[in-house]
Structures are given as structure tokens and as C-alpha cells.
Amino acid sequence: RGTPPSRSQNGIALLVKQRMPFEPLRGPAGACRTASGARGGGPALWGISLSECKALCEASGACVAAQHASTPKKRGRVDMACELILAPARVSHTLPLANTVCLLKRAEPSPPALSQQRADSLQPPPPPPPP
């Protein structure tokens, strides 16, 4: 099973990662909010697609969530905005808002701990004794 291509706005085929590092926040679609109701994000980045917004968040170690809005305009145009929610902010809920999605970045799973016996088996064998 291969990686399906997707198309960017300029028509160049791009490969899309199969992994899903984001999950929607439970509840209605809308803008990301902290427990106090604050936005918790930086300035809006305009003209950024949802996939580009997720890629920006994925590339940032400080990003905990990505908020994306797409607002239809006249003549088929769509205004798009991306907002990265950065630590130490913690998203707790959404503020219902049309055409807006809040996606939580999944924490990277910790690698399983190796038992000492397994760790020893991964070590290279000792060199042979000198003749």
C-alpha cells in the first residue's frame, strides 16, 4: 500500500504522510480555547492550507495544537488562516465557530524500555583476544 499523492495549490504533486499526528478535540468544531477561555495561540498565518498548518505544527516542538479556518468569499475565493497553539498553553475545549477546526497534536509515544538482557544482546561481541 503506497502513499497517496495530493495536489498543492500550484498543481505540483506532493506526498502525504500516512501517520496521523493530530486528533480533533471532542465537542463541536470551532476555535481552540484554554480552560480560562483564552486563545493560547500566536498570530494568524494567512493563506495557509490545513495540510500546511498541520505540517508547521508538526515541525514545531512547542506546538500543542493547530487551529485552521477557511472562510468562503465571493467568486469562489477562500480565505484561509492557521494559528499554532504553543506550550505552555493547554487546549481544553473549542469555541463553536463555523469553518474552523481545532486539532490536538498527539504526543510522540515513548519507545519501549529495553530489558538489560535485550540491551546486552544488542551490544557488538567483544573483540577476539590477541594472539
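The values are calculated or read from the model by the stated rules, or taken from the named source; none is laboratory data. What you see is a predicted model, and the numbers here were worked out from it, not measured in a lab. As a convention, Cβ positions derive from the backbone with ideal geometry for all residues, glycine included, and neighbour counts pool all protein chains shown. Quick note on the areas: whole protein, heavy atoms, side chains included, nothing else; ligands and nucleic acids left out. Shrake-Rupley method; radii C 1.70, N 1.55, O 1.52, S 1.80 Å.
In segment 79-115, the qualifying residues are those that are open to solvent by 70 Å² or more (accessible area, probe 1.4 Å) and modelled with pLDDT under 85, and the one that is nearest to residue 43 (Cα to Cα) is 107. Of the residues that make up segment 68-77, is at least one under 14 Å from the mean Cα position of the chain (by Cα) and modelled with pLDDT of 90 or more? Within segment 68-77, one or more residues are under 14 Å from the mean Cα position of the chain (by Cα) and modelled with pLDDT of 90 or more. For segment 55-68, filtered to residues that are open to solvent by less than 50 Å² (accessible area, probe 1.4 Å) and among the hydrophobic types (A, V, I, L, M, F, W, C), the residue that is farthest from residue 97 (Cα to Cα) is 62. When segment 1-54 is limited to residues that are open to solvent by 100 Å² or more (accessible area, probe 1.4 Å) and modelled with pLDDT of 50 or more, the one that is nearest to the chain's Cα centre (by Cα) turns out to be 20. The set of residues from segment 38-76 being touching a residue at least 24 places away in the same chain (Cβ under 8 Å) and in a loop (DSSP other than H, G, I, E, B) comprises 38, 39, 40, 42, 43, 44, 47, 48, 49, 60, 62.
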